[in-house]
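So the structure is just underneath, and the comments pick up after that.
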Amino acid sequence: MLNFLTTFSRRSTKKMDCLADKSVWYSFIEGNVQAYSAIFRNFYPGLHNYGLKISGNETLTEDCLQDFFVYLYDNRENLGEIKSIKSYLFVSFRRALLKSLKKERAFTSEIPEQAQLENFEFSPEEIAIKQEFTAIKTATLTTILNTLSKKERESIYLKYYSDLKVSEIAIVMDITYQSVLNNIQRAFSKIRKELENKAVQEIFLSN
């Protein structure tokens, strides 16, 4: 299936302007392989990076993601109408990956979901590419972000690195809209506080 997909990807020279367009989804459901190929090419990298944040396991993430796309194609006729391809894929893949992690780690239903996000950390490379943070030293911000709670880190990642709307993040994380806002606000409050503390430390160290 993936080799077949790659062949069609190479033949497709015209990139679809907006994958959120319902016509793309309907074409995919009807069996249009080019629509499926476009969805795969545009969302695979982002889902892969997000999956790695959750699992910390390259092999498990790739296997789960490939199985996920095969499942989508095989069950396309049973898929209903969606508002956003991107948010639907993030929600569905997150659910599939957490299910795989439970099997991999022999988790029981009593273990909280937060324990499955222990690998959710930011790398210096990710920090460096975001213009919102260019005024802050990469190493400093990386350290600060990785001290946030797991939910705060995931909210920040989905908002600023996966470009999801707050409403979409709420669906992906299965929390309320207000909870997402609270996570982001708490995160930036902590970031500002840590930056202020570091600035004060640098002043004292320079004297």
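If you average 1/r over every pair of different alpha-carbon atoms in the stretch 35-81 and take one over that average, what Kirkwood value in Å do you get?
This gives a value of 11.4 Å.
So between THR59 and ASN197, what do we pick up on full extension, going 0.36 nm a residue minus the alpha carbon distance?
Numbers: separation 138, 0.36 × 138 = 49.68 nm, distance 3.97 nm.
Gain on stretching THR59 to ASN197: 45.7 nm.
Could you give the length gained on full extension between ARG95 and ARG186, defined as 0.36 nm per residue of separation minus the Cα-Cα distance, in nm?
30.2 nm
Among LYS151/LYS190; LYS22/LYS99; LYS159/LYS193, which pairs are too far apart, with a Cα-Cα distance over 25 Å? Don't skip to the answer; put the middle values down first.
Working: LYS151/LYS190 14 Å; LYS22/LYS99 28 Å; LYS159/LYS193 21 Å.
Over 25 Å Cα-Cα: LYS22/LYS99.
If I model a spin label as a point 7 Å beyond the Cα along the Cα-Cβ vector, how far apart are those points for ASN49 and GLU81 in nm?
In this crude label model, ASN49 to GLU81 measures out at 3.3 nm.
Relative to a virtual label point 7 Å from the Cα of ARG105 in the Cα→beta-carbon direction, which members of the stretch 55-74 show backbone nitrogen distances below 13 Å?
Counting only backbone N, you get 55-57.
We did not get these values from a lab; they are worked out from the coordinates using the rules stated. This structure is a prediction, so every number in the text was calculated from the model and none was measured. Neighbour counts run over all protein chains shown; Cβ positions are idealised from the backbone, glycine included.
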